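Structure first, then comments.
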Amino acid sequence: MNARPLCAIRAARPEDYDAVIAVVDDWWGRPASRDLTRVFLDHFYATSLIAEEADGTLAGFLVGFLSPSESSHAYIHFAGVAPRMRRSGLARELYERFFARAREEGRTVVKAITSPVNSRSIAFHTALGFEASAPVADYDGPSLDRVVFRRAL
Ligand SMILES: CC(C)(COP(=O)(O)OP(=O)(O)OC[C@H]1O[C@@H](n2cnc3c(N)ncnc32)[C@H](O)[C@@H]1OP(=O)(O)O)[C@@H](O)C(=O)NCCC(=O)NCCS
C-alpha cells in the first residue's frame, strides 16, 4: 500500500457538488461527469462521504445511498480518489465507512455498477469482496453496457 498524506473523512454536504464534479472527468480519464448530476448530492449527501487533505483539497469521495425502495439494499453510485492518492487504501476506507453505516441501518446488500472498460474499478470492487457480473448489454440504455457488483454486508 502507498503512503498518503493524512486525510479527514466527513459526511458530504450539498455544496460539495461543485468541487466533486470539477474533478470527475480528470480522475476518471474520460467524460464521466454527466452520470453524476447535482440531485445525488442534494438528496443523498447524508450518506455520502468526502475525504480532504489538511488544506481542504479534495482527496476522494463516495456518493451512495440507502435504497428508499429496496429496504435491504444500499447503493454506491460514484466513488473516486485523486490520482496522487491511489493505492493508499483511501477508497477502501470510504467503502468500509459506508458499509458500516448501511449495516447500522439494517441493510444487508450493497450494489454498484461500472462500465466494462473500467478494469481498475472491477479490480477494486473484486478486491473488496464484490461479485462482478458479466457485462450486461444495454443495462443503462442502448449501447450502455454495465458490470453489476453485489456484496453481502
Ligand atoms: C477505483 C478507485 C476508486 C480505487 O481507489 P484507491 O484508493 O486507489 O483504492 P485502494 O487503495 O483502496 O485499493 C484497495 C484495493 O483495490 C485493488 N485495486 C485498487 N486499484 C487497483 C488497480 N488500479 N489495479 C488493480 N487492483 C486495484 C487492490 O487490491 C487494492 O489493494 P492493494 O493496494 O493493497 O493491492 C480509483 O482508482 C479511482 O478513483 N479510479 C477512477 C474513478 C473510478 O473508476 N471509480 C470507480 C467507482 S465508480
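Readers should treat all values here as calculations from the given coordinates under stated rules, not as data from a laboratory. Everything numeric in this text was worked out from a predicted model, so none of it was measured. No Cβ is skipped: glycine too gets one built from the backbone with ideal geometry, and neighbour counts run over all protein chains shown.
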**Asked** In debye to the nearest 20, how big a dipole does segment 56-153 give about its Cα centre with +1 on each Lys and Arg Cβ and -1 on each Asp and Glu Cβ?
**Response** 400 debye
**Asked** For Ala100 and Ala123, FRET efficiency with R0 = 25 Å and r from the beta-carbon atoms, rounded to 0.05?
**Response** 0.60
**Complete:** Protection proxy (average C-beta count within 10 Å per residue), highest first, orders 18-26, 132-140 as 18-26, 132-140
**Message:** Tell me the mean residue ellipticity at 222 nm calculated for the chain from its helices only (DSSP H runs of n ≥ 4, each -39500 (n - 2.57), averaged over every residue, nearest 500).
**Reply:** -8500 deg cm²/dmol
**Asked** Could you give the length gained on full extension between His43 and Val23, defined as 0.36 nm per residue of separation minus the Cα-Cα distance, in nm?
**Response** 5.2 nm
**Message:** Using DSSP to call loops (not H, G, I, E or B), can you name the GluC sites (Glu not before Pro) in segment 99-153 whose Cβ has at most 14 other Cβ atoms within 10 angstrom?
**Reply:** Glu105
**Asked** Amide H to amide H, which residues 5 or more places from Phe78 or on other chains are under 5 Å from it, using H placed in the peptide plane?
**Response** Val63
**Request:** Please list the helices of the chain that count as membrane-span-like by this rule: a mean Kyte-Doolittle hydropathy of at least -0.5 together with Cα atoms stretching 15 Å or more along the helix axis, each helix being a complete DSSP H run.
**Result:** 17-28
